[in-house]
Each structure stands twice: as structure tokens, then as C-alpha cells.
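Chemist: The structure under discussion is supplied below as C-alpha cells; questions concerning it will follow.
Taken together, the values in this text are just the output of simple stated rules run on the coordinates, not laboratory data. Small disclaimer: the values here were computed from a predicted structure and weren't measured. Heads up, the Cβs are rebuilt from the backbone with ideal geometry, glycines too, and the neighbour counts pull from every protein chain shown.
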Amino acid sequence: MNLTLPTYRLDSNLVLLPGIIYNVTFSRFKAAALLSRYKDKIADISLIKNLLNEYEFDKDDYLSQEAEIKSDVVTVAKVIGITDDASNVRLTLQALSRGSVVKNAFVAKKNESVVKVDSNLHVDNVFKNHKKLNRNVQELFSNIDKFLIEYRQALLKSKTDATRDLLALNPLANALYLQLSGSKDFNKAYQSLQKLFQSFEANMSSDPTKFDHTTFLRLIDLTCAIIPFPNHHKLMLLNKFKVNDRISEINNMVSSLNEVFNNLFSNSSFVNHWFFNEASNIQRATVVANQLKSIRMVLESMSKNSAKDKKQLVHEEDDDDLGAITTFIKNKLPQISSLSSDTKRLIVKDFKRIKSSSPGNADYHVIRNYLDIVTDLPWDKFVSKFQSNQDIDINAAKAQLDKDHYGLENVKRRLIQYLVVLKLLGSNAAKEFEVVAQKQQDTAKSNIIVSKNNKSPIIMLAGPPGIGKTSLAKSIASSLGRNFQRVSLGGIKDESEIRGHRRTYVGAMPGVIVQSLRKARSMNPVILLDEIDKVIGGSSNAANKFNGDPSAALLEVLDPEQNTSFTDHYLGFPIDLSQVIFICTANEPHNLSRPLLDRLEMIELTAYDYFEKLVIGQKYLLPRQITRNGLPTQDLIDISDDVLTKIINGYTREAGVRNLERKLGTICRYKAVEYSKSLTEGMYNAKIDEYDLPKYLGVPYPNMSMEIYSTPNQIGIVNGLSYNGEGSGSVLTFESIGFSNPEKGGSLNMTGRLGEVLMESAKIGLTFIKSIIYNNALSLPTEEMDSLITKFKNLEIHLHVPMGSIQKDGPSAGITMALSFLSLILERPVPQDLAMTGEITLRGMVLPIGGLKEKILGANLSGIKRVIAPRENRKDIIEEYVKAINDDSKLNALLADNDKKYYQNVEPETYFFDKYGIQLFYAREFWDVVSVVWGEDVIKEPTRLVEYHI
């Protein structure tokens with residue numbers, strides 16, 4: 001029977017004998033080339049389809065040389081399994097039958113042949129052939145079993161054993177034992193072969209007339225396949241197309257192997273008798289020495305060949321890898337304008353060293369890794385969506401910043417200013433470029449035109465967590481079309497993390513700056529140095545002095561005048577960082593060293609008020625959380641502005657919006673569960689009301705206004721304002737009580753975990769109150785003043801600040817505590833809708849404080865209606881107002897308008913009153929505080945200090 005079948009020539013020494021299942025491993029490419037011959041029949045199998053889609057070739061013509069048949073006899077096989085492990089493909093082949101190639105037969109495809117399949121299953125002289133083969137095979141089984149037993153005994157025999165054996169020293173015995181006991185698969189197949197012969201012999205003995213020709217021929221192929229005959233013997237049997245030739249060949253093969261075993265046993269017996277019974281000790285030693293010498297020579301030969309092959313393989317691999325380095329050295333290196341001639345000479349020198357040395361050299365891999373990194377750096381490569389800076393679209397950049405962030409107008413304005421400068425410098429650079437191109441009569445070699453005069457600023461975004469500092473840096477990179485890299489500096493305590501390790505150290509690598517350039521694949525990325533205030537400086541830790549100061553290593557990186565020649569210890573030569581936009585973020589910028597802080601252009605980002613949080617929540621956070629929690633459409637959650645305001649004020653107290661996003665995510669998860677139930681039950685309500693919030697978010701924070709207004713006006717109780725560590729503000733109540741105690745009159749006790757600065761402010765405030773009483777500065781009759789002095793001399797005062805679990809400190813509560821003492825002594829209550837902040841001096845001056853906007857926000861949430869702030873802090877109010885209206889032109893006029901005592905009808909104060917419902921008052925001296933609280937009739941006309949302006 002003739003069949004036209006696809007043909008494939010294996011590139012291994014495997015001989016496929018009929019009746020056996022083989023697992024053959026192919027490379028993915030080779031497997032695809034083989035399976036492509038069956039593409040029309042098996043392309044619907046997904047695994048094979050994916051494999052074939054990886055490569056494109058003509059299935060009728062590809063790799064036709066692999067189909068060349070050098071023999072007339074082939075094996076007809078069937079693919080019955082396929083396994084893909086991502087790197088190789090294993091095909092399970094079932095060898096079915098022999099076939100002979102029909103020469104000169106017409107085939108339509110080059111990778112096919114006409115094959116005559118073996119259909120002759122008749123065996124002549126059945127009884128004679130079977131008996132002869134069975135006798136030879138049983139003798140072979142006996143020899144194999146005897147050999148395995150004697151070999152294992154030879155390995156276990158001790159020196160004192162009388163039946164010592166040198167069989168394990170025989171190279172032939174070692175080779176045979178390795179093949180006969182090499183794996184469990186062989187043992188299993190060998191035992192199966194023995195059982196098949198026993199079963200066939202039993203059937204022949206019971207009824208010789210029922211001879212199974214097919215089984216007999218199958219036993220022949222199985223014997224050849226399982227018994228470890230050499231491959232050339234297996235090929236000889238495979239090429240025997242005629243049955244009688246096949247039987248004769250297998251008998252010859254089995255007889256030859258039996259003769260090998262018999263000779264092995266005879267030789268081993270001869271050697272053992274002579275070695276242990278007749279040879280002298282010198283002869284034995286000589287035999288053993290020659291044996292060891294022979295073994296050593298073989299091992300050395302193997303080692304040399306292995307080393308030669310390995311060296312050849314390494315050199316082949318090196319030729320591929322060094323090809324990129326060679327191309328860089330010859331073609332690209334001479335054209336890099338940012339590298340000096342000395343630097344180029346050193347790089348070429350290192351390259352010549354590895355070209356002339358072998359991989360075994362100690363410095364070879366060190367220099368190779370070094371050159372790999374140098375080659376991988378994006379020299380003179382600048383990435384931007386604009387061909388030159390003059391093409392920067394300012395309006396599009398502004399729209400991008402507005403799209404990604406709400407508010408932050410001062411930051412956006414500064415970034416737009418930088419982009420405008422880039423655009424103007426780009427116009428000049430383009431003109432210079434055109435002149436140079438005309439002189440060289442050449443076109444641009446780079447798609448991006450860069451101005452060498454441009455030095456990117458070093459911007460530091462400072463502010464509390466969660467206000468968008470990191471995402472703002474990403475928006476800058478997106479608006480410019482530049483690559484973005486983030487470097488987290490938190491906890492870095494080794495200078496080498498910044499400047500790299502020297503090549504002499506094991507495991508040396510470049511610093512984070514050079515690594516960022518490699519990852520960004522350009523020399524002008526936007527690199528975010530995140531949490532720069534968390535760098536552990538060497539000066540702050542004596543144990544770290546051996547590692548250097550990483551904050552000092554940043555001085556060169558973050559200086560526009562120096563980073564044009566930043567030197568990484570690993571590279572050993574300067575690189576230009578002037579086109580890199582460095583953006584730093586910090587929560588506490590004043591933790592930085594003064595030299596480092598001086599190099600940064602700090603842009604302060606203040607806390608969001610709840611109006612801004614409301615817009616951010618509706619525009620950014622809620623849609624993002626709806627998507628992240630699997631809800632298919634945005635209209636499945638409906639949160640009104642009133643409900644979102646309740647979430648902001650009742651469930652979050654933070655400067656940023658991270659916690660707000662968590663709360664919205666919690667609501668979205670609850671609604672996702674309700675939505676999944678509604679798919680079967682059919683009821684779902686997208687609207688979220690205020691009374692639903694406890695079900696989703698739990699109990700809200702206590703109402704701060706209720707804490708303040710829970711008691712009527714009492715003497716000695718004054719509301720102060722505090723700035724919390726996370727960037728938010730709050731109201732802090734100061735309580736003072738006094739009782740007559742002549743023994744401790746005029747003393748002061750303080751509780752509430754007050755810090756050292758706060759305790760000093762309390763003592764200053766009490767001393768100032770004492771001075772105005774003794775100096776008769778209050779507008780009281782003489783009799784009352786005398787009584788007041790007597791009362792003060794016998795009064796023991798106790799000052800307490802609630803929430804004793806929280807540490808409190810800072811120079812901003814001096815006037816608050818002084819007013820509390822004065823309220824206690826005069827027995828006059830302070831209105832509870834009033835809060836104040838400011839430090840006091842012994843002369844009664846009110847000093848400026850920080851975080852005024854955050855404190856006003858905290859006062860607003862607590863229901864405060866009036867706030868007293870230091871007079872010099874009015875410039876902060878003006879600045880916030882100008883930022884809000886985004887109009888710097890009004891700044892000069894507002895700063896000049898500073899002679900008024902009250903500012904209720906002036907634009908900044910009106911803005912804060914309209915937005916937060918808070919009336920602002922300013923105090924230059926403590927008398928201003930008293931006049932706001934009780935009126936000017938409480939004090940005599942004081943001798944005021946010299947007026948001064950902002």
C-alpha cells in the first residue's frame with residue numbers, strides 16, 4: 001500500500017522502531033516547522049494554532065532540506081500528544097510501521113514522499129525461527145540478570161571478602177551497567193519484555209498452529225528498542241524491510257551481545273584469579289596505578305574537550321553580545337557630543353582589554369558588565385512629543401494639568417512658566433541648529449532639538465500626604481511627552497545608592513540616577529525624587545559615617561550649575577543631567593539640610609478645604625473607585641454633594657484625599673454586592689442618602705462644634721488653633737482654673753502632655769498678665785485693682801489641655817493661654833464662637849505663626865465664627881486669596897492696604913468670610929486681642945509699640 005505522507009528528518013540520534021511510543025523534545029521553531037505540515041488538519045487546536053502563529057513560513061516549501069531521506073526505509077509515526085512548556089515543545093510519537101520510499105514518484109510538495117507501508121506480516125519456518133529467537137533472548141535475559149547481580153556485589157564487597165571482584169573496574173562493565181540500570185523506565189520496559197516472551201512461549205506451547213505473526217514481529221522490534229544495542233545496529237534492523245532479513249538480523253544482534261557478556265565473565269574471572277591469588281603486591285600496585293593513570297588521562301581529555309566546547313560556546317555567545325558593544329564603540333561612541341575625548345579614550349581602552357583577554361580573566365566580566373551599562377545608556381537621545389521645545393503647546397499642557405488635578409493653581413502656574421521658557425529657548429536653539437546644519441550641509445541627526453543653554457529647574461513640591469504631589473509629577477511628564485521615572489529615597493542611608501559603587505567592589509552597580517536614565521531610555525526624562533525628606537543623613541547617625549551622607553550626594557545632582565557634569569562612581573566619568581527635570585516631594589522640607597534645601601525651588605502645597613475635596617471626590621475619586629470595584633457603569637452609584645460633604649466632614653479629617661478615596665471605595669464595595677444580588681433579585685437603588693452612611697461607613701467622628709458649644713461660656717476657657725502633623729488644622733481648648741492657696745500663690749501647674757515650647761509660652765503668658773496687673777494697666781478702680789493683686793498673690797492656677805493622649809507642642813498658643821489666665825483673674829468668660837492663634841512675648845507682642853489656612857479650615861469645621869490671628873500673618877491671607885482668584889496683579893495693592901485695624905470689608909477677608917463663614921481679626925499686641933474679645937473699655941489706653949508694615 002502506497003501513501004503520500006509528510007516527511008521529516010530528526011536532527012538527533014534517536015531511532016524510531018515500530019511499536020514503541022517516544023517522547024521527542026523540539027525547539028519551538030522546529031516544532032512549528034514540523035506541525036506546519038499538518039496545518040490544514042489540526043489548525044483548530046488552540047495550542048498548535050498559537051504555536052504556528054509565532055512563525056511565518058510557507059508550509060509547502062519551508063525547510064525542504066529537513067525532508068531529505070538518505071535511506072530507503074523510513075518509520076511511519078503518529079503524533080499522539082503535544083506539550084508546550086513555553087521554551088520547548090515535546091511531541092509524543094507512536095511509531096506504527098516501516099515504510100520504503102518509492103523513488104522518482106511524483107509529489108506535489110517538497111516535504112512529502114510516497115511511502116510503501118510494510119504490509120508483509122508472514123513469517124516462514126515459524127517454529128524454527130521462534131525457537132531460535134526465544135533461546136537466544138532467554139540466554140540474553142539470563143546474562144543480563146547475572147551481570148547486574150555480580151556488578152552490584154562487586155561494588156559491595158569489602159577488602160577482606162574472599163570472593164573479591166574487579167568487575168566494577170572494567171570499562172565495558174561500567175558502560176553496560178550504566179545502560180542496563182540507568183532509569184526506572186528501562187527497568188519497567190525490560191520486565192515487560194520478559195513477560196511478553198513468556199506469554200508468547202506459553203501460547204506456542206499450548207497450540208503451535210495459532211502462531212501470531214504480528215506479535216512475533218512486534219517482539220523483534222521491541223527487543224531491539226529496549227535492549228541497549230548500539231544505534232547503528234538498530235538502524236540495520238530498521239532497514240531490513242523483508243521479514244526473514246529482520247529475523248536473521250535480530251538473532252545476530254542478540255547472539256553478539258551474549259558473546260559480549262560471556263567474554264566479560266571469562267575475562268573478569270581470569271583477572272580476578274591472577275590479581276588476588278598470584279600477583280605480588282608490586283604487580284597489584286602497578287595495575288592499580290596504570291588504571292588510575294588511564295582514568296586520569298580520560299578525565300583530562302574530557303575536561304579539555306569540555307573546556308574547549310565551553311570556551312567555544314562562550315566565545316560564540318560573546319561574539320553575539322560583544323557585537324552590540326563593538327558596534328557602539330566603532331559607530332556611536334565617536335558621535336556622542338556629551339562625552340569628552342578623554343572619556344571616550346578610556347572606554348575604548350577598556351573595550352580593547354576584554355577583546356584581548358579570555359573569559360577566565362578575573363577582570364573580564366567586571367569590564368564586560370561595565371561596558372554593557374555604558375552601551376545601554378541613552379547617549380544624546382532625547383524623547384518628547386515635540387520635535388523641539390519651540391513646538392510645545394502651552395494651551396494643551398495647561399489643559400492636561402487641569403484635567404489631572406483640581407486646584408493647585410500656583411503649582412500649575414509655575415510649571416506653565418517653565419514650559420514657556422522652554423518654548424522660547426527652543427526657538428533660539430532651532431535657529432542655532434539651522435545655522436549649524438547649513439554649515440555642515442547635513443540634516444539633523446536627532447529628532448529632538450535641545451538647547452544647551454537651558455538648565456532645568458529643581459522643583460520641590462512640599463506639603464502633607466495625599467494632596468497629589470506624586471501624581472502631579474506624572475502629569476508634568478505626560479504634558480511634555482517625556483518619559484517618567486520615580487525614585488523613592490525613603491530610608492536611603494548610603495551615599496553609593498546615589499553616586500554608585502566603585503567598580504572595585506563585588507556587586508558594584510550605578511546609582512539610582514544613572515539607573516533611572518537607563519530605564520527611561522532618554523537623557524531628558526522627568527525624574528521624581530520621592531520623599532526626599534526621608535533620606536537618612538550621615539550627620540544624624542554616627543554609625544552611618546562610614547557609608548557617607550546621601551543627602552550630601554544629592555547636592556551635585558540637584559544643582560543646575562553643577563549637574564552638567566555629574567560623576568557616578570561606577571561610570572567614572574561625568575554625564576550631563578541638565579536636561580533632566582528633577583521634581584522632589586517632601587512632607588517636612590525643613591528636615592532637609594540647609595545646603596540641600598537652598599538648591600531646591602520649593603512650592604508649598606497646602607491642605608485641601610472641603611470645597612476642593614468635594615470637587616475632587618465627584619470628578620476624580622468616585623468615578624475611579626466605581627471602575628476599580630467592578631461596577632459596569634458610572635450611574636450605578638449616585639452620591640449628592642450634600643452626602644459627599646457629610647462624608648468629608650464626618651468621616652475624614654486629613655489634609656489630602658487618600659482617606660476620602662478609601663471611604664468612597666468602601667461604599668462602592670457595598671454597592672457592588674447589592675448590584676450583584678440585584679441581577680437575580682431585581683432590586684437595586686443607586687442613590688445613597690445621608691442615613692445610609694452609618695450602614696456603609698460606621699459611626700462618624702464626633703461633631704467638633706458640639707464639643708466646643710456643649711458648655712456655656714465659662715471663665716478660663718479659651719479656644720486655640722493647632723496645626724496637626726498630617727497637615728490639617730483643629731481647635732484646641734485651653735482650660736484654666738484657680739483657687740486660693742497662700743502657700744503656692746502665683747504658681748502654675750500644667751497638664752495635657754504639653755511640650756517644652758508650649759510650657760514656656762504658658763509661663764511667658766502668665767508673667768505678662770502678672771506685669772499688667774502690677775502695672776495697673778487694666779481699666780479698673782483702685783480698690784478693685786488692689787483686690788485683684790491680693791487675689792493673684794494667693795491664686796494657684798492649673799492649666800489643662802484636653803486629649804491628654806496626644807502630644808502637643810509649638811509656638812502658636814501664647815495669646816490663647818495668656819487670655820485664659822486673664823479671663824480667670826478678671827472672672828470674665830470668653831465667647832465660645834471665638835478662636836485665636838499666635839505667640840506672645842514678655843512685652844505683649846503677638847508673633848506670627850505657620851499653617852494659618854489649615855487652622856482656619858479646622859475652625860470652620862468646629863463651628864467657630866471669629867478667628868484672631870497675628871497681624872503679620874495677614875500676608876498669608878492675601879497670598880491664599882490671590883492664589884484662589886489666580887490674579888497676581890492685585891498683590892501689590894493688597895499688601896499696601898495694611899493700616900486698617902479691621903478688615904471686614906476688604907477683599908481677602910470678605911473672601912474667607914463668604915467661603916468659610918469666619919470673620920478674621922488681627923492682633924499686633926495682646927491689647928488687640930483683649931479689645932476684640934471684651935472691648936477697649938477693659939484696658940487703659942496703652943503705649944503702643946512703633947507701627948510697622950508688612
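Chemist: Rank these for me by crowding, R518, R669, going from fewest to most other beta carbons within 10 Å.
Modeler: Values: R518 13, R669 16.
The fewest-first ordering by Cβ neighbours comes to R518, R669.
Chemist: Same structure, new question: Once the other residues with Cβ under 11 Å from the Cβ of L237 are scored (Lys, Arg +1; Asp, Glu -1), what is the net sum? Please list the in-between numbers first.
Modeler: Working: positive: R98, K234, K240, R246; negative: D221, D245, E249.
So the environment of L237 carries a net charge of +1.
Chemist: Going by how many other beta carbons lie within 10 Å of each one, how would you line up H800, H501, H232, H213, fewest first?
Modeler: Values: H800 16, H501 19, H232 9, H213 13.
Listed from fewest to most nearby Cβ atoms, that is H232, H213, H800, H501.
Chemist: Could I ask something else about it? Pop a pseudo-label 7 angstrom from the Cα along the beta-carbon direction at both D85 and D372 and give the gap in nm to one decimal.
Modeler: Result: 2.5 nm between the two label points.
Chemist: Given a Förster radius of 60 Å and the C-beta distance between R828 and T567 as r, what FRET efficiency does 1/(1 + (r/R0)^6) yield to the nearest 0.05?
Modeler: On the way: r = 68 Å, r/R0 = 1.14.
Calculated value: 0.30.
Chemist: I've got another one for you. Report the local net charge at R499: Lys and Arg +1, Asp and Glu -1, summed over other residues whose C-beta lies under 9 Å from its C-beta. Spell out each step's value before the answer.
Modeler: On the way: positive: none; negative: E495, E497, E556, D568.
Spelling it out: positives minus negatives among the neighbours equals -4.
Chemist: Calculate, for A362 and L155, the FRET efficiency according to 1/(1 + (r/R0)^6) with r their C-beta to C-beta distance and R0 35 Å; round to the nearest 0.05.
Modeler: Between A362 and L155 the formula returns 0.25.
Chemist: Express in % the proportion of alpha carbon pairs of region 151-278 at distances exceeding 16 Å.
Modeler: Numbers: 5815 of 8128 pairs.
So the pairs more than 16 Å apart make up 72 percent of the total in region 151-278.
Chemist: Between D641 and R843, take the C-beta separation as r, use R0 = 51 Å, and let me know the FRET efficiency to the nearest 0.05.
Modeler: Numbers: r = 49 Å, r/R0 = 0.95.
It comes out at approximately 0.55.
Chemist: Let me ask something else. Could you give the length gained on full extension between K474 and N231, defined as 0.36 nm per residue of separation minus the Cα-Cα distance, in nm?
Modeler: Going from the current span to full extension adds 81.0 nm.
Chemist: Note down the magnitude of the dipole of region 220-268 about its Cα centre, charges +1 on Lys and Arg C-beta and -1 on Asp and Glu C-beta and zero elsewhere, to the nearest 20 debye.
Modeler: Values: 4 positive and 4 negative charges, 26 e Å.
Its charge dipole is roughly 120 debye.
Chemist: Tell me, what HN-Hα J-couplings in whole Hz come from the Karplus equation 6.51 cos²θ - 1.76 cosθ + 1.60 at θ = phi - 60° for each residue of region 666-671, using x for Gly and Pro?
Modeler: Computed from phi, the couplings for region 666-671 are 4, 4, 5, 5, 4, 5 Hz.
Chemist: May I pose another question? In a shell of Cβ-Cβ distance under 12 Å around V512, excluding V512 itself, what net charge do Lys and Arg (+1) and Asp and Glu (-1) give? Provide the component values of the computation, followed by the final result.
Modeler: Values: positive: R486, R499, R518, K519; negative: D494, E495, E497, D530, D568.
Result for the neighbourhood of V512: -1.
Chemist: Given labels modelled 7 Å from the Cα in the Cβ direction, how far is it in nm from A289 to E936?
Modeler: Calculated label separation equals 12.4 nm.
Chemist: A further question follows. Hey, what's the Cα Rg ratio for region 610-697 versus the globular rule of thumb, 2.2 N^0.38 Å?
Modeler: Details: Rg = 12.6 Å, N = 88, 2.2 N^0.38 = 12.1 Å.
Here the answer is 1.04, to two decimals.
Chemist: Say a paramagnetic label sat at a point 7 Å from the Cα of Y774, along Cα to Cβ; which residues of region 781-813 have their backbone N under 18 Å from it?
Modeler: The answer is 785-797.
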